[in-house]
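Report on the following structure.
The values are calculated or read from the model by the stated rules, or taken from the named source; none is laboratory data. What you are looking at is a predicted structure, and each value in this text was computed from that prediction instead of being measured. Here the Cβ positions follow ideal geometry from the backbone for every residue, glycine too, while neighbour counts run over all protein chains shown. Surface areas here come from the heavy atoms of the whole protein model, side chains and all, with no ligands, DNA or RNA. Shrake-Rupley method; radii C 1.70, N 1.55, O 1.52, S 1.80 Å.
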Amino acid sequence: MLIINKESKVTLYEQIYNQLREQILKGVIPENSMLPSIRNLAGMLQVSRNTVESAYQQLYSEGYVSSKGGSGFKVERIEPNLLGETATEPRVVNHPFQEINEQGVMNTERIFFQYGRLRFTDFPVRTIRRLMNQILLSSEIEGISAYRNRKGEIELRTEITKYLYEARGVRCNPEQIILGSGMPYCIGLLSQLLMRYTNEIAMEEPCYDAVRSAFINHRFKISPVPVEKDGIDITALDRSTAGAVYVTPSHQFPTGSVLPVNKRLNLIHWADEREAYIIEDDYDSELRYSSRPIPSLQSLDRKGRVIYINSFSKSFAPGLRISFIVLPETLLEVYHLFFSKYNCPVPWLEQKIMHEFMKQGHWSRHLRKISVSNKKRHDVLINEITAVMEDDQVLIHGRNAGLHIILEVNNGLTEKELIEKADAEGVTVYPVSSHYADCRNFKNNQVLIGFSSLSEVEIVTGIHLLKRAWF
């Protein structure tokens, strides 16, 4: 039985989702059971069908239920021995949280479907300028003349702690957070920490090539593990001898797959059994367009095996170079022993601006704004591809999240030929093959298409040009 409180501040679909999830985890709704139809449950609860559908889609996105077109939603098997304390309330941290309160255009002569570049019109220039002036004119500016907290300003780390708990379910305190200047810095620091435990890192195949290069530069042996439709292949991972694994579970790069809850629990179980570490890169996790963001892998961890990393690059500004690591308690002592003399590489002024930006509620408003604007670009891209290219001509991978898709083109051309023909029409698309450790695993007719830096008009124009180039 579900109980809905229409006076609650928790949205109706979240109430339905939370109660169904709890009942699935506790076995009240057994595996292979069919959930009530959307129409019937909406009628019983006196809510809209869209509300019930949103709750079901969230359960589906996280792997609690499966769906085959027109047949409803069926409960998946959740291994009870892997759950541990998953269903319990999160541990309360010792640091108090505060409540969250509340342009440029590309050259149209060539269209760049570049991944990771953001549209300058989405950047809150006026707000940042005002905050900078506020800090420069305050007594706090004296802080710029001294070396400060080596992990980063405690005020910013507290704001990040609060945000991670509320938005991603990450359970930590500010002392576990270390600020870094971009992902390569974070990977470099983690490499020096982990080399005391292992010389082999397992990585998704394909994966973010810059991270793989960073591990190779620190002389780790890389063990590529295939990515399936629902994320990393746990069975193949188990065959490796790696003492750590790097994953992007909430939006796998570059395929876009999402690791369901069963696989997440099995991955944590793998780490527990081996006393290994999981590096969870939670990049662009905020940007989901058909369901709310997937909870982090770290939120399921109870034994300190997950190292959480993220940055503000994909959701705010790559040029600010602010990223961060959440170290499990098990690694903090090692960090303090070997890296306590490292000064924070993020400039003090940028830290103070970001702190005020989050503290004053601008960050949450900014996330809402860019989610809306990027969803519009995403929808225009998908709709235009669907409208001008036939179903048997292309296949879209990784839709409904993030800042890019992979387009599989079925016209007999290789990746190199697809890029060259697009280039001849004034459009730049990008290779997928570079993200594979072994290009023999690559299906050689795919290209990566980013959309976050383009206007809707540019996206439409670009897709028409690609149609002409390829077909």
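Numerical summary
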| quantity | calculated |
| --- | --- |
| Region 39-54, subset open to solvent by 40 Å² or more (accessible area, probe 1.4 Å) and of a type in the set (Ser, Thr, Tyr), residue nearest to LEU20 (Cα to Cα) | SER54 |
| Test: residue in region 266-274 that is of a type in the set (A, V, I, L, M, F, W, C), open to solvent by 20 Å² or more (accessible area, probe 1.4 Å) and touching a Lys or Arg at 6+ places or on another chain (Cβ under 7 Å) | no |
| Subset of region 275-292 [aromatic (Phe, Trp, Tyr) and either surrounded by fewer than 22 Cβ atoms within 10 Å (Cβ to Cβ) or modelled with pLDDT under 95 (or both)] | TYR283, TYR289 |
| Within region 231-240, tally of residues that are in a helix (DSSP H, G or I) and either more than 26 Å from ASN262 (Cβ to Cβ) or open to solvent by less than 20 Å² (accessible area, probe 1.4 Å) (or both) | 2 |
| Matching residues in region 424-455 - criterion: being in contact with a Pro (Cβ under 8 Å, 6 or more places away or on another chain) and not β-branched (Val, Ile, Thr) | HIS435, TYR436, ALA437, ASP438, ASN441, PHE442, LEU448 |
| Residues satisfying the stated conditions in region 201-221, i.e. of a type in the set (Gly, Ala, Ser) and either within 10 Å of TYR436 (Cα to Cα) or open to solvent by 10 Å² or more (accessible area, probe 1.4 Å) (or both) | ALA210, SER213, ALA214 |
| Selection status of LEU465, among the hydrophobic types (A, V, I, L, M, F, W, C), in contact with a helix residue (DSSP H, G or I) (Cβ under 8 Å, 6 or more places away or on another chain), open to solvent by 30 Å² or more (accessible area, probe 1.4 Å) and in a loop (DSSP other than H, G, I, E, B) | no |
| Matching residues, region 241-260, being out of contact with any His (no Cβ under 9 Å at 6 or more places or on another chain), open to solvent by less than 10 Å² (accessible area, probe 1.4 Å), more than 17 Å from GLY63 (Cα to Cα) and part of a loop (DSSP other than H, G, I, E, B) | ALA242 |
| The one condition in (1) at pLDDT below 85; (2) exposed (fewer than 14 other Cβ atoms within 10 Å of the Cβ) that GLU31 fails to fulfil | (1) |
| Unique residue being at pLDDT below 95, of a type in the set (D, E, K, R), more than 20 Å from the chain's Cα centre (by Cα) and more than 15 Å from GLN114 (Cα to Cα) when the list is GLU417, GLU458, GLU425 | GLU425 |
| Residues of region 325-377 that turn out to be touching a strand residue (DSSP E or B) at 6+ places or on another chain (Cβ under 8 Å) and buried (at least 18 other Cβ atoms within 10 Å of the Cβ), as a count | 9 |
| Filter result for ILE177 (farther than 30 Å from GLU62 by Cβ, among the β-branched types (Val, Ile, Thr) and either over 18 Å from the mean Cα position of the chain (by Cα) or modelled with pLDDT of 90 or more (or both)) | no |
| Enumeration of residues in region 444-462 that are outside any helix (DSSP H, G or I) and of a type in the set (Ser, Thr, Tyr) | SER452, SER453, SER455 |
